[in-house]
Amino acid sequence: MSEYPFLKLGTRQSPLAMVQAEETRRRLCEAHGWPEEAVELVPVVASGDKVLDRPLAEIGGKALWTKELDAWLAEGKIDASVHSLKDVETIRPEVFTLHAILPRADKRDRLIGAASIAELKEGAVVGTSAPRRAAQLLNQRPDCSVVMFRGNVATRLGKLDAGEADATFLAAAGLERLGQDNIGAPLDAENWLPAPSQGAIAVECRADDARTQELLAPLDHAPSRAEVMAERALLLALGGNCHSPIAVLCTHHEGKLTMCAAIFSADGAERVEESATFAAGDNEAPKALGTALLDKATPAIRAVFDEAP
């Protein structure tokens, strides 16, 4: 018998990232009948976790969540990386493959500080660093204002408790994984569209590593993969990145995907929305939906996407 570990999984060191890596390890061990020590978790402090006083788009974008893990993976220090897929750049190096998408958790946002968007007090100050959340809030509640909140769940809740804002948003899936799903109010995903790939854990490995790919294969959940790959195809068509207020809800039913997506002006004042139903695995359909959104976009909305790096 080979000595343990059979696999080394790289992960960010944040509490939520570690919980997600532990879930991945549990699923791997259950799939292969391994003891826990067969999979080693290798944590790294990502660049995005080090700089918390500026918006992500100003300091390097989503690559700040992945570049350390990418380096370790390329060098063979780890066999695979565990990611929150919504934090992974749309275009990835060809030497890697997103080989397993775990069953997707709750896609919704939770509002912390009020029972609903409508029940936020007049002129409420809301903390978020996400352009999607900021634009969607200001579209529904132009009387509110936004201040930047970055950091892990505990950091953002601490800022709220300190009175830096009246309310904030957190992903329902993250709170659930941390055992804190009693916090805040879930927002109806049809009226408050989530982020692309929200609630999805992805496991990435080297494209030439057949052994690791074979070991990861049982973790891949086909309906979740179909949803998130369609959402990433939409992002690619829109040229979406950390600057982009893009919201999308994709649902899977009997081999079909229904996608509803919206894009906004930076101030949230303007919004366009499109929807489509298509076969799972058809990534041309979300590209067409992205084109339709841009065709409908007002100059203020187009400006956000035309200026995106």
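The values are calculated or read from the model by the stated rules, or taken from the named source; none is laboratory data. From a predicted model like this one, the values you see are computed outputs, not experimental measurements. Heads up, the Cβs are rebuilt from the backbone with ideal geometry, glycines too, and the neighbour counts pull from every protein chain shown.
Among the candidates 134, 118, 114, the residue that is farther than 17 Å from residue 16 by Cβ, modelled with pLDDT of 95 or more and crowded, with 20+ Cβ neighbours inside 10 Å is uniquely 134.
Among residues of the stretch 266-292 that are within 12 Å of residue 246 (Cα to Cα), those with a Cβ under 9 angstrom from a residue that is among the hydroxyl-bearing types (Ser, Thr, Tyr), sequence gap 6+ or separate chain, pair up as 271/265; 272/298.
Suppose the filter is over 21 Å from residue 200 (Cα atoms), of a type in the set (A, V, I, L, M) and outside the structural domain of residue 144 (by TED's automatic domain parsing); does residue 247 pass it? It is false that residue 247 is over 21 Å from residue 200 (Cα atoms), of a type in the set (A, V, I, L, M) and outside the structural domain of residue 144 (by TED's automatic domain parsing).
Taking residue 12 as the residue in question, decide whether it is at pLDDT below 95 and farther than 21 Å from residue 218 by Cβ. Against the criterion (at pLDDT below 95 and farther than 21 Å from residue 218 by Cβ), residue 12 qualifies. Looking at the stretch 77-121, the strands (runs of 3 or more DSSP E) lying wholly inside it that each contain 1 or more residues that are more than 30 Å from residue 212 (Cβ to Cβ) sit at 109-112.
For every residue, the table says whether it meets (1) farther than 24 Å from residue 266 by Cβ; (2) among the aliphatic types (A, V, I, L, M).
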{"position": "206", "(1), (2)": "yes, no"}
{"position": "213", "(1), (2)": "yes, no"}
{"position": "217", "(1), (2)": "yes, yes"}
{"position": "220", "(1), (2)": "yes, no"}
{"position": "229", "(1), (2)": "yes, yes"}
{"position": "239", "(1), (2)": "no, no"}
{"position": "245", "(1), (2)": "no, no"}
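Taking the conditions exactly as written (at positive phi and crowded, with 17+ Cβ neighbours inside 10 Å), does residue 127 satisfy them or not? Answer is no for this residue. Scanning the stretch 85-95 for residues that are modelled with pLDDT of 95 or more and crowded, with 21+ Cβ neighbours inside 10 Å yields a count of 1.
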